[in-house]
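Taking it in order: structure first as structure tokens, then the write-up.
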Amino acid sequence: MTRTFVDLNEIERARAAIAATVRMTAVNVSPSLSDLSGVPVHLKLEHTQLTGSFKLRGATNAVLSLSDAEKRRGVVGVSTGNHGRGLAYAAKAAGVKCIICMSRLVPQAKIDGIKAQGAEVRIVGSSQDEAQGEVDRLVSEEGMTMIPPFDHRKIIAGQGTLGLELIEQVPGVATVLVPLSGGGLISGVAAALRARRLAVRIVGISMERGAAMHACLQAGKPVFVEELATLADSLGGGIGLENQLTFAMTRDLVDDVILVSEAEIAAAIRHVYWQERQIIEGSGAVGVAALLAQRVESAGPIVTILSGGNIDMQQHHRIISGEDVDVTQEAA
Ligand SMILES: *Cc1c(COP(=O)(O)O)cnc(C)c1O
């Protein structure tokens, strides 16, 4: 059974709800990418969002949508990445308790990243499943609310606010490039753009290694996809075999999906640093990667979303210095 899609009303309500917590991020024209593409290319600088990614939008909307009783009992999550950071910040801003559960194997830098946003970190067991077990316990025994990273109406509506912003900032946009993993961002952005009836092409961009949504679209249903190490680490992981919303929304609202290689992602991180003077993570660079590889055709202005900036600065330094950084030999 497919639930009704998130609509413009829900996205507009999300925008009003999160306005006090979330930053409206700027858009820059990229001269170098515009020259290369033959049409204006605009970069939506969402890596300058508080917490370093758009995940704050959805997380804030989800937290603020809870009842007073739910807020008193608090929220939990398992994400060690951008959703965890966003959720931690959103909860703190709303005065809501937040516990992020993770396994002993999570690197200290990620733990520190979550703690820095004000959440309690609970280390349990030595696998993601054991961490999930603790989340389930907190939900069933302590009445806390689990906030998932993408397949949730309030999350999708919150991410959709980015779509409303970019239509106002680039009214003539013809093509939007959206980094794609679980599909919360692209579902929200596509719902906003389609509701405004713009004749706009919406293109999801994923990495070749472990492109879960792409594999599911090809299979015609949610399927298991193995997670592989990649420079676009925020795009890893599956869409959930019980996916309720983002699979159908992506299938029905998105025009195309493009996959980019590790070398193309590294080249994009490098280009954005030296040409645009911006520090972005691999997952935020995939749209630029597709543009640099000249894989995007557009008759009019393009917007590409630089979706996040949380990259290890040692790794970033090696990439922009021209070293050949290969993460594919590491465990995912
Ligand atoms: C989560 C994330 C994405 C993908 O968002 P989905 O809603 O899972 O498709 C893209 N870029 C960054 C930086 C992210 O953190």
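The values are calculated or read from the model by the stated rules, or taken from the named source; none is laboratory data. The model shown is predicted, which means the values in this text are computed figures rather than measured ones. Neighbour counts run over all protein chains shown; Cβ positions are idealised from the backbone, glycine included. We work out accessible area using only protein heavy atoms, side chains counted, and drop any ligands, DNA or RNA first. Shrake-Rupley method; radii C 1.70, N 1.55, O 1.52, S 1.80 Å.
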**Q.** For the chain, calculated [θ]222 nm from helices alone, where every DSSP H run of n ≥ 4 adds -39500 (n - 2.57)
**A.** -13000 deg cm²/dmol
Q: Using only Cα atoms, find the angle between the long axis of helix 128-142 and the longest principal axis of the chain, and express it within 0 to 90 degrees, rounded to the nearest 10.
A: 50 degrees
Q: List, in order, the whole-Hz ³J(HN,Hα) value for each residue of the stretch 153-169 obtained from phi through the Karplus relation with A = 6.51, B = -1.76, C = 1.60 and θ = phi - 60°; use x for Gly and Pro.
A: 3, 6, 5, 4, 4, x, 5, x, 4, 5, x, 4, 4, 6, 5, 5, 7
Q) Counting DSSP beta bridges in the chain, what percent are antiparallel, to the nearest 5? A) 15 percent
Q.
So, for the stretch 56-146, what is the accessible surface per residue at a probe of 1.4 Å, expressed in square angstrom?
A. 44 Å²
Q: Please report how far the C-alpha centroid of the stretch 289-332 lies from that of the stretch 17-40, rounded to the nearest whole angstrom.
A: 16 Å
Q: Just the number, please: carbon plus sulfur as a percent of the accessible area of the chain, 1.4 Å probe, no ligands or DNA/RNA counted.
A: 48 percent
Q | Dipole axis of the stretch 56-146 (+1 Lys, Arg; -1 Asp, Glu on Cβ), positive-most option in 64, 133, 145 | A | 64
Q. Hey, what angle do you get for helix 82-93 against the long axis of the chain, alpha-carbon based, 0 to 90 degrees rounded to 10?
A. 60 degrees
Q.
Over the stretch 162-276, with the other protein chains present, what is the accessible area per residue in square angstrom, probe 1.4 angstrom?
A. 37 Å²
(Q) Quick check: the angle from helix 262-276's long axis to the longest principal axis of the chain, C-alpha only, nearest 10 degrees? (A) 80 degrees
Q) Residue-wise, which Karplus ³J(HN,Hα) couplings in Hz belong to the stretch 291-306, taking 6.51 cos²θ - 1.76 cosθ + 1.60, θ = phi - 60°, and x for glycine or proline? A) 5, 5, 7, 6, 9, 10, 9, 8, 7, x, x, 10, 10, 10, 8, 7
